[in-house]
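**Q** Before we start, here is the structure in question, set down as structure tokens.
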């Protein structure tokens, strides 16, 4: 795996693939990795002092531990074939994942200072999907785990950008706790493309110019967004998927501030 200031490249191998750990890339509340298993393989983990959210990107599996067993979960073979299953695990939870088919899971971890929800299965019918934007910044969002769920930090969902479109536009940020105008949440974007040789453009910037980064993102890339406005777009001819994991210290929600220079676009 190679990296840039906020960009991590990954060529996933069998087993757990660390993308970044707590404290890396300026991320204070988030660690992220990809788990890849073949049919019949089992992987054992323990959340220890973290809460974890396992998002099934593709394949079927069983996730079990003491007093819980979620059997034969997962419907889609890729993120482009339907809505997700996810499993939430509180701190101090030992668990094992057994692959029923080839399997990829996004593993999100965040430090937990309190007891939260019991181990929970989030089925596709428990998510909600809606369209955002218009014209060439239309995109779909699926919320997996929101502020109504008893998590300390997580707000997680998926974005799907049609061929050549923009997302996160007009540019928005969530850097300051000032509800209802803005909530402070760091964010992780993990990308996949269909066909897989696709690419997109991700920008991160702050008004004072302290951060001004523009990245070409490809299959299995991840961008950490500790702060700043962060619009993105996909190349024409490709569907662009991104898993977004937001973590807030004090508040959670889809509440962000738009860049005042570009806010006018929504009223056009």
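**Q** For the structure I just gave you, tell me whether residue 32 is assigned to a strand (DSSP E or B), under 22 Å from residue 199 (Cα atoms) and modelled with pLDDT of 95 or more.
**A** Yes, satisfied.
**Q** What single numbered condition from (1) at pLDDT below 95; (2) buried (at least 18 other Cβ atoms within 10 Å of the Cβ) fails to hold for residue 204?
**A** With respect to (1) at pLDDT below 95; (2) buried (at least 18 other Cβ atoms within 10 Å of the Cβ), residue 204 is out only on (1).
**Q** Going by the structure shown, is residue 241 within 21 Å of residue 81 (Cβ to Cβ) and touching a helix residue (DSSP H, G or I) at 6+ places or on another chain (Cβ under 8 Å)?
**A** Answer is yes for this residue.
**Q** Which of the residues belonging to the range 175-191 are surrounded by fewer than 23 Cβ atoms within 10 Å (Cβ to Cβ) and part of a strand (DSSP E or B)?
**A** 178, 182
**Q** Quick one: which residue in 165, 219, 194 is touching a helix residue (DSSP H, G or I) at 6+ places or on another chain (Cβ under 6 Å) and within 19 Å of residue 84 (Cα to Cα)?
**A** Being touching a helix residue (DSSP H, G or I) at 6+ places or on another chain (Cβ under 6 Å) and within 19 Å of residue 84 (Cα to Cα) holds for just one of 165, 219, 194, which is 194.
**Q** Every residue in the range 76-93 that is out of contact with any helix residue (DSSP H, G or I) (no Cβ under 7 Å at 6 or more places or on another chain), closer than 24 Å to residue 47 by Cβ and assigned to a loop (DSSP other than H, G, I, E, B), please.
**A** Passing the criteria: 90, 91, 92, 93.
**Q** Would it be correct to say that residue 82 is surrounded by fewer than 20 Cβ atoms within 10 Å (Cβ to Cβ) and under 18 Å from residue 192 (Cβ atoms)?
**A** Answer is yes for this residue.
**Q** Starting from residues that are exposed (fewer than 15 other Cβ atoms within 10 Å of the Cβ) and assigned to a loop (DSSP other than H, G, I, E, B), keep the ones in the range 123-137 and report whichever is nearest to the chain's Cα centre (by Cα).
**A** 123
To keep it simple, each residue is scored yes or no on (1) within 19 Å of residue 220 (Cα to Cα); (2) at pLDDT below 95.
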residue	(1), (2)
174	no, no
177	no, yes
183	no, no
190	yes, no
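**Q** Oh, and also: With the structure loaded, tell me whether residue 96 is within 17 Å of the chain's Cα centre (by Cα) and outside any loop (DSSP other than H, G, I, E, B) or whether it fails that test.
**A** Criteria not met by residue 96.
**Q** Being within 15 Å of the chain's Cα centre (by Cα) and crowded, with 20+ Cβ neighbours inside 10 Å, is that true of even one residue in the range 57-67?
**A** yes
**Q** To continue, here is another question. Taking the range 138-149 as the region of interest, how many residues are part of a loop (DSSP other than H, G, I, E, B) and surrounded by 14 or more Cβ atoms within 10 Å (Cβ to Cβ)?
**A** Result for the range 138-149: 4.
**Q** Please state which of the following conditions residue 10 fails to meet, knowing it meets all the rest: (1) assigned to a loop (DSSP other than H, G, I, E, B); (2) touching a strand residue (DSSP E or B) at 6+ places or on another chain (Cβ under 8 Å); (3) surrounded by fewer than 14 Cβ atoms within 10 Å (Cβ to Cβ).
**A** Status for residue 10: all satisfied but (3).
**Q** I'd like the residue in the range 210-268 that is without any contact (Cβ under 8 Å) to a residue 40 or more places away in the chain and assigned to a strand (DSSP E or B) and, out of all such residues, is nearest to residue 104 (Cα to Cα).
**A** My answer is 216.
**Q** In the range 36-84, what residues are free of Cβ contacts under 8 Å to residues at least 40 places away in the same chain and within 25 Å of residue 11 (Cβ to Cβ)?
**A** Selection gives 74, 76, 77, 81.
The values are calculated or read from the model by the stated rules, or taken from the named source; none is laboratory data. For clarity, every value in this text was computed on a predicted model and none was experimentally measured. Cβ: placed from backbone, ideal geometry, glycine included. Neighbour counts: every protein chain shown.
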